[in-house]
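Structure record follows, encoded as structure tokens.
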Amino acid sequence: MKKMIKLVGALSLTVTHFAFGAQTLSLDEAIHLGLKKSENVEQAVLEIEKAEAQIREAWASVYPKLNATVQSTRNFQSQVIQTLTASFRVNQDWSLSTGLTLNQVLYTFGKVSTALDMAKTSRVLNETAKDQVEREIRYAVEVAYYNALFAQEVLRIAKDSYENARNNQKALRQRFQGGRVPRFDNIKMAADVAGRLPIVRNAEKNLTLAYLQLNLLVEADTNDRPVLTTKMNDNFKAIRNEKELVKTALEGPSLKVQDLTVELMDKQAQLKQADHYPSINLIGNITHSGTGDDMRVDEDNMFTASSLAVAVSIPIFSGGETTAQHRQAILEKTKAQVERKNLEKNLGLSIRSSLEEYETNIEKYKSAKEAANLANQAYKLTRARFATGGATRYDLNDSENALTNARIQLESTKFEIYQNKSNIKKLTQKVVKK
């Protein structure tokens, strides 16, 4: 009775484990986790916040600056004014001075406005870069997810191949059931079975590596083996709006980031050029000061003075530093323009190549699917002929190898198609967060 209770308990735990313990992971969930836990996205968000702070800093330079000062001085030896009949100390033992200074920028020949434009451009650039980073992460997660599915199928095919080899060995023994199996055929068939095991082990290793890559992207435990619920079906649609997709790719964040970089470099050159020009400031000053015998100077000894001035600061000579910095900024802008042209060319080539590969792989998949079906029929027919003596061991082994290779080729082509789809999506579709 106790053994029966233990057995029921063990079965109950097993059922509970398979019913509730198996972790599932869909493609959308994997992408969500990848975006949520990516350090690159977090860094892009921080860059956007930094750009917002730069905008506030640029605006701050437009507003007036107001400074207050309070200074108490102990005069040990004060200056003396000497007259013919007497001498007077300029300051007594203590001096007290309070002041309020106002500094307002009037005109800087574009320095302030250019700095503000640069900060705004930097914010837009970082927001666009965040879009690009999210697309890259989505692409990486999708490819890793599909690679894990592909590795699962390859492992299944490798195990099927191993079972087929064992069945071939059984068929050989059944063929010579009435007598002794030839030693050479027996050894070669056993070698065929043993030769399948390294392929299975290699497929298991590739599946482990595929899960490891996926788990790293979604920041899961490296030993997790979630059940992947999104499957790679073979309902592939032909692309009919190729021109529109190419146009969308060229209007995507990659090229826009480079455009904004060129604009930023242009503003930087303008800012450096403005260093050649003067700046005009309005300066207002109010002071309330006096001297006395004590640290706390009597109000009767305090006097108030005020002034208002327009200051013009003119850069005359900097040893060529300003000119060199302006030249460097122009060269950086030119470099960014060249990179932009190369990026546009490569981006157009990438989207067109992906579209062409997608269409080609669809046709390739159709042929591979037909080849796999024919190889399966050929293997079944060869096994039947082998059982009756109409086919040799070589024919049977070659037919099984052809079937295995055709099935792997079919799955490999399917994976390439999904990889093409992910790349096209990366270049043409913004990440939509759910």
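The values are calculated or read from the model by the stated rules, or taken from the named source; none is laboratory data. None of these values were measured; they are calculated from a predicted model. Here Cβ is always computed from backbone atoms with ideal geometry, including for glycine, and neighbour counts include all displayed protein chains.
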Given (1) surrounded by fewer than 19 Cβ atoms within 10 Å (Cβ to Cβ); (2) out of contact with any Asp or Glu (no Cβ under 8 Å at 6 or more places or on another chain); (3) under 30 Å from Ser367 (Cβ atoms), index of the condition Ile239 fails = (2)
Look through Thr322, Thr360, Thr261 and report the one residue that is farther than 30 Å from Leu96 by Cα and surrounded by fewer than 16 Cβ atoms within 10 Å (Cβ to Cβ).
-> Thr360
Selection from the range 128-174 of residues surrounded by fewer than 19 Cβ atoms within 10 Å (Cβ to Cβ) and acidic (Asp, Glu) yields Asp131, Glu136, Asp160, Glu163
Of the residues that sit in the range 325-344 and are aliphatic (A, V, I, L, M) and at pLDDT 85 or above, which one is surrounded by the fewest Cβ atoms within 10 Å (Cβ to Cβ)?
-> Val338
State yes or no: is Val310 in contact (Cβ under 8 Å) with a residue 12 or more places away in the chain and more than 17 Å from Thr101 (Cα to Cα)?
-> no
Any hit, the range 223-230, residues being touching a residue at least 24 places away in the same chain (Cβ under 8 Å), crowded, with 16+ Cβ neighbours inside 10 Å, among the hydrophobic types (A, V, I, L, M, F, W, C) and more than 30 Å from Tyr358 (Cα to Cα) | no
What are the residues in the range 232-258 that are touching a Leu at 6+ places or on another chain (Cβ under 8 Å) and part of a loop (DSSP other than H, G, I, E, B), if any?
-> Met232, Ile239, Gly252
In this structure, does Thr261 turn out to be under 30 Å from Lys430 (Cα atoms) and either more than 30 Å from the chain's Cα centre (by Cα) or in a helix (DSSP H, G or I) (or both)?
-> yes
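A quick yes/no check of all residues on (1) more than 27 Å from Glu134 (Cβ to Cβ); (2) of a type outside the set (Ser, Thr, Tyr):
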| position | (1), (2) |
| --- | --- |
| Ser354 | no, no |
| Glu357 | no, yes |
| Lys364 | yes, yes |
| Leu374 | yes, yes |
| Leu381 | yes, yes |
| Ala402 | yes, yes |
| Val431 | no, yes |
Selection status of Arg352, surrounded by fewer than 16 Cβ atoms within 10 Å (Cβ to Cβ), touching a residue at least 60 places away in the same chain (Cβ under 8 Å) and part of a helix (DSSP H, G or I) = yes
The condition from (1) assigned to a helix (DSSP H, G or I); (2) over 30 Å from Lys256 (Cα atoms); (3) not basic (Lys, Arg) that Ala391 misses is numbered (1)
If we keep only residues of the range 419-434 that are among the hydrophobic types (A, V, I, L, M, F, W, C) and part of a helix (DSSP H, G or I), then the residue farthest from the chain's Cα centre (by Cα) is Ile424
Scan the range 281-297 and report the pairs whose first residue is under 18 Å from Val105 (Cα atoms) and surrounded by 14 or more Cβ atoms within 10 Å (Cβ to Cβ) and whose second residue is of a type outside the set (A, V, I, L, M) and at pLDDT below 85, with Cβ atoms within less than 6 Å and a gap of 6+ or a chain change.
-> Leu282/Gln104
Confirm whether Arg352 is charged (D, E, K, R) and under 24 Å from Asn168 (Cα atoms).
-> no
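Residues checked against (1) more than 40 Å from the chain's Cα centre (by Cα); (2) without any contact (Cβ under 8 Å) to a residue 24 or more places away in the chain:
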{"residue": "Leu347", "(1), (2)": "no, no"}
{"residue": "Ala375", "(1), (2)": "yes, no"}
{"residue": "Thr382", "(1), (2)": "yes, yes"}
{"residue": "Tyr394", "(1), (2)": "yes, yes"}
{"residue": "Gln409", "(1), (2)": "no, no"}
{"residue": "Ser412", "(1), (2)": "no, no"}
{"residue": "Ile417", "(1), (2)": "no, no"}
Got a sec? Which of Ala384, Ala371 is surrounded by fewer than 17 Cβ atoms within 10 Å (Cβ to Cβ), in a helix (DSSP H, G or I) and of a type outside the set (S, T, N, Q)?
-> Ala384
